[in-house]
Amino acid sequence: MGTDFSKLKYPFVWYDILHVVDVLSRFPWVHSDPRFIELLETITAQADSQGRYTASSMYRAWKDWSFADKKRPSAWITFLVLRIQKRAGQLIQ
């Protein structure tokens, strides 16, 4: 897919890893698929030491929003990843 596909970005207007995995996570029968698991692992590998996620790319129109800040962790992107993990049964509560 290339390196741009693996960048964490929001809102979901692009064909990228976070958008694809978010959609796939809604279907329980996908959660055990090795391809889905690999995609989710690619996302979770991008967490910082505190389990937070930072945007890897941004569209200039949203530059002032937290989900577009490439320098600080985004509460919204972190929420999205945690929601995916919860749907997939990979989030320990």
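The values are calculated or read from the model by the stated rules, or taken from the named source; none is laboratory data. These figures come from a predicted structure and were not determined experimentally. Glycine also receives a Cβ, built like all others from the backbone with ideal geometry; neighbour counts cover every protein chain displayed. With ligands, DNA and RNA removed, areas are computed over all heavy atoms of the protein, side chains included. Shrake-Rupley method; radii C 1.70, N 1.55, O 1.52, S 1.80 Å.
Checking the structure you have, find out if any residue of the range 54-66 is at pLDDT below 95 and basic (Lys, Arg). Give the derivation first.
Here is the first cut: in the range 54-66, the residues at pLDDT below 95 are 54-66.
Narrowing further to those that are basic (Lys, Arg): 60, 63.
Within the range 54-66, one or more residues are at pLDDT below 95 and basic (Lys, Arg).
All of (1) aliphatic (A, V, I, L, M); (2) assigned to a helix (DSSP H, G or I); (3) modelled with pLDDT of 95 or more; (4) open to solvent by 30 Å² or more (accessible area, probe 1.4 Å) hold for Ile43 with one exception: (4). Taken over the range 13-32, the residue count meeting the criterion of being open to solvent by less than 50 Å² (accessible area, probe 1.4 Å) and aromatic (Phe, Trp, Tyr) is 0.
Tell me, which residue of the range 24-40 that is hydrophobic (A, V, I, L, M, F, W, C) and not in a loop (DSSP other than H, G, I, E, B) is farthest from Ala88 (Cα to Cα)? It would help to see each step written out before you state the result.
Narrowing the range 24-40 to residues hydrophobic (A, V, I, L, M, F, W, C): 24, 27, 29-30, 36-37, 39-40.
Okay, now just the ones that are also not in a loop (DSSP other than H, G, I, E, B), so 24, 29-30, 36-37, 39-40.
Numbers: Leu24: 9, Trp29: 10, Val30: 9, Phe36: 10, Ile37: 9, Leu39: 12, Leu40: 9 Å.
So, considering only residues that are hydrophobic (A, V, I, L, M, F, W, C) and not in a loop (DSSP other than H, G, I, E, B), the one farthest from Ala88 (Cα to Cα) is Leu39.
For Arg35, the test of being out of contact with any Lys or Arg (no Cβ under 7 Å at 6 or more places or on another chain), loosely packed, with under 13 Cβ neighbours inside 10 Å and either aliphatic (A, V, I, L, M) or at pLDDT below 90 (or both) is failed.
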